[in-house]
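Report on one structure; see the data block that follows.
The values are calculated or read from the model by the stated rules, or taken from the named source; none is laboratory data. Just so it is clear, the structure is predicted and the values come from calculations on it, not from any experiment. Cβ placement follows ideal geometry from the backbone for every residue including glycine, while neighbour counts extend to all protein chains displayed. Quick note on the areas: whole protein, heavy atoms, side chains included, nothing else; ligands and nucleic acids left out. Shrake-Rupley method; radii C 1.70, N 1.55, O 1.52, S 1.80 Å.
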Amino acid sequence: MSGSTLSKAWRWSVVRSPLLNLWRRVRYMGYPNHAAFDLLDEAALPDEVDALIRTTLKRSKLWANERAEIARELIAHTQDAIEAGRSGEEIASTFGDPKRIAKLMRRSMKRKRPLYWRAYRNMKRATGVLILVLIVGYSSLAVRFYMGKPAIKRNYIAELNARNDGYSEDEKAWGVYQEADIAWQRLVLEQWYQYRAQEDGGEQGQAKLSRNTFLNQISSSINEYQPGDPEYLRTVGLVRDFAPELVKIREAAQRPIVGILYTDRNESMEIEDGVFELKLLEPNGDPRAQDLLISVLLPDLQITRRYANLLSFDAKLAIEDGDMQRATENYLAIAGIARQNLSQGLMISELTGMSILDLGASSFRQSILEQPDIWSSDQLVSIAHAYAQAGREINLDLSFERMAFDDVLQRLYTDDGAGNGRLTPQGSVLLSSKLMSMTIRGQSEDQVDDRIQRAMDPLKIIGAESREQQRRRYHSAMDAAQRVIREGPKSLWRLQLIESQIEGRYARADESLFGHSPADVMTPAIRSAVNRYFQGRLTNSAFLTMLAIEIYQRDHGQLPESLDQLVPKYLPSVPQDPFNPGFPLQYVVDETGYMVYTAGGDGDLDGGVQIDPEVDRRNFRSLSRRFSFEIELGEDGVPSIVRDGNGRPILLEPDAPDSDWVLIDMRRTPESPAAD
């Protein structure tokens, strides 16, 4: 019994051993018939029957052990028939079709297989069906996606140019500005040649500026040069040589509009050696042949900023020459150029106009601080009227930004006729390449590979927002910005929340297979722009208040004791401080002069205490911080306003020192030029 038990154990270990079975599988991998054919070789059946059994086994598509089991059954049946006296031909004739027999045996053997195999088979079948459904679904989406074409119907460039309709060429300043630019290039080129000649004769190895760098340096830094600097002396010569063109610029600055041709086509022509003319070409009448509206060229911005700097510099020279009429005309021209930019209806032009207006105000204020008595009341009144007129144009229209976004939508999406549509192949490429590179946010280094993005494009039909959803979200942000402009800085939290939501979606989109949203890519830094709008209104009001004080002083021989004395003759009303609702601009006067100021970033009035003027200017955003709330990101990445236990929003803590923001400081210290 012991021997029998050992024998059974031995046979079991040989037949059932996992290691031996693994070895057998590896050894006979690709030869599932080896065991069954070995049995047939041993049985030595008639050739006709042997061939049929082998064919049946091959067609059974069963496991090796199952084929061996079938082989044993068929061999046993065949041997029984031979013992009964039947020949091989007779057995073969009654065997039947091998294919049919293999199919029946396959069904029978699979019923005997274990439960885990049946579960695996069902899972594999389900997976196959799922893959098939996905392939069919993806193919259907791909066909629909790649059949989509953008419907570019609206000519936004033509609509933009229509704003200039009704103005004659004599009412447009661009032609004069462009001719003056060519004259300026000639003068700078002559100076550059002289500069290069001097550098060639100077120290070896000294860096030389290129022509463009030389031009840009003079244009941008012209008001930073001090008397005695080589650059100052060179600039004085340039500006004096440019005087005939400045006369034309001063006249053109009083015209209603700049009148530039908005176009996506241009040709830069070298009309002389080193002198270039930018020729703006008529845009194509078919919007399908045009570039994006945001690609429209705006060379007037750089040129008008340069002229504002030149006029400011020439105003200083005019004061030195005692030519106050020329100085007055220069400041009036700066206000006119600012007004022209502010009235264009493009946010970038409006921001440029505010900067030019601030430049003129700062330069004029400095002239009064240095020489208080050089300006007459009439000259001050004319400047006040010009800056008041320009100040009325300070606005954020946002109509161009809305048009630019709608133009992008018509180039990205199809149009179902009701304002909706789906993303197109051309739109997907445009969004991920050109639009991402043109916007302020740019492309992220963590962005999903472009090839994967292209493969995922068809899924955007069901996974990404539609054209109407994008348009609604973008215009809602623009509506919020204009609501804040109407209501004042107290509503800035609306833009803070919108920008937090955009930044959250933008960060998630960098790692998303669906890419970025057009609305998020195209939405400008609206909170910063609206902040700049409030700052522009505030600084312009402060400057007009200063002019009113100066005129009052000339009329009465003394400074007013309060701003109320300026109303209504010199000011229609005391300007209000938008960052401190209910409070007007503050005014303090003493024996050294006067100040016009507002509460600083700490949110309260400190009597005009100013810690550091430079720091104060850089921290202007701290004024709006008083109207910003704490923001937190939820588990889904969506930002929300943090609230206290009573459900009230929690404001951000002030980050500014205990001081005020001095807008106008006309106090004369012993060190100031006017006190010498």
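Worth a mention:
- Surface exposure of segment 161-391, expressed per residue as accessible area with a 1.4 Å probe, stands at 44 Å².
- Under 16 Å from a label point set 7 Å out along the Cα-to-Cβ vector of Asn212, the amide N atoms of segment 297-321 belong to 298-299, 302-303.
- The lysines whose alpha-carbon is closer than 21 Å to the alpha-carbon of Lys172, local same-chain residues fewer than 8 away aside, are Lys248, Lys279.
- Between Arg234 and Ile152, the FRET efficiency estimated from the beta carbon spacing at R0 = 60 angstrom works out to 0.75.
- Whole-number D in µm² s⁻¹ for segment 328-373, Kirkwood Cα-pair radius fed into Stokes-Einstein, 25 °C, 0.890 mPa s: 224
- Rg of the Cα atoms in segment 482-592, relative to 2.2 N^0.38 Å, amounts to 1.61.
- Calculated diffusion of segment 526-585, Stokes-Einstein form, Kirkwood radius summed over Cα pairs, 37 °C and 0.692 mPa s, µm²/s: 264
- Debye log10 I(q)/I(0) for segment 161-391, one point scatterer per Cα, at q = 0.12, 0.17 Å⁻¹: -0.72, -1.28
- Taking 0.36 nm per residue of separation and subtracting the current Cα-Cα distance, fully stretching the chain between Asn122 and Arg186 would add 14.7 nm.
- Spin-label pair Asp286-Asp170: with each label point 7 Å from Cα along the Cα-Cβ axis, the two points sit 4.0 nm from one another.
- Normalising the Debye intensity of segment 222-301 to I(0), with uniform scatterers on Cα atoms only, and taking log10 at q = 0.12, 0.16, 0.21, 0.24 Å⁻¹ returns -0.61, -0.90, -1.08, -1.14.
- A convex hull fitted around the alpha carbon atoms of segment 55-126 yields 90 Å³ per residue.
- Segment 274-325: proportion of alpha-carbon pairs further apart than 15 angstrom, %: 67
- Cα-only radius of gyration and Dmax that characterise segment 253-297, units Å: 13.4, 37
- Size descriptor for segment 570-612, Kirkwood hydrodynamic radius: 11.5 Å (Cα pairs only, one decimal).
- Label-zone membership for segment 257-272, site Ser295, 7 angstrom Cα→C-beta point, backbone N under 20 Å: 261-269
- Using the Cβ-Cβ distance between Glu272 and Ala525 with R0 = 30 Å, the FRET efficiency computed as 1/(1 + (r/R0)^6) comes to roughly 0.15.
- If R0 is 51 Å, the Cβ-Cβ spacing of Lys248 and Ser640 corresponds to a FRET efficiency of close to 0.35.
- Under 30 Å of direct C-alpha separation, and excluding same-chain neighbours fewer than eight residues apart, Lys124 reaches these lysines: Lys58, Lys61, Lys99, Lys103, Lys110, Lys112, Lys460.
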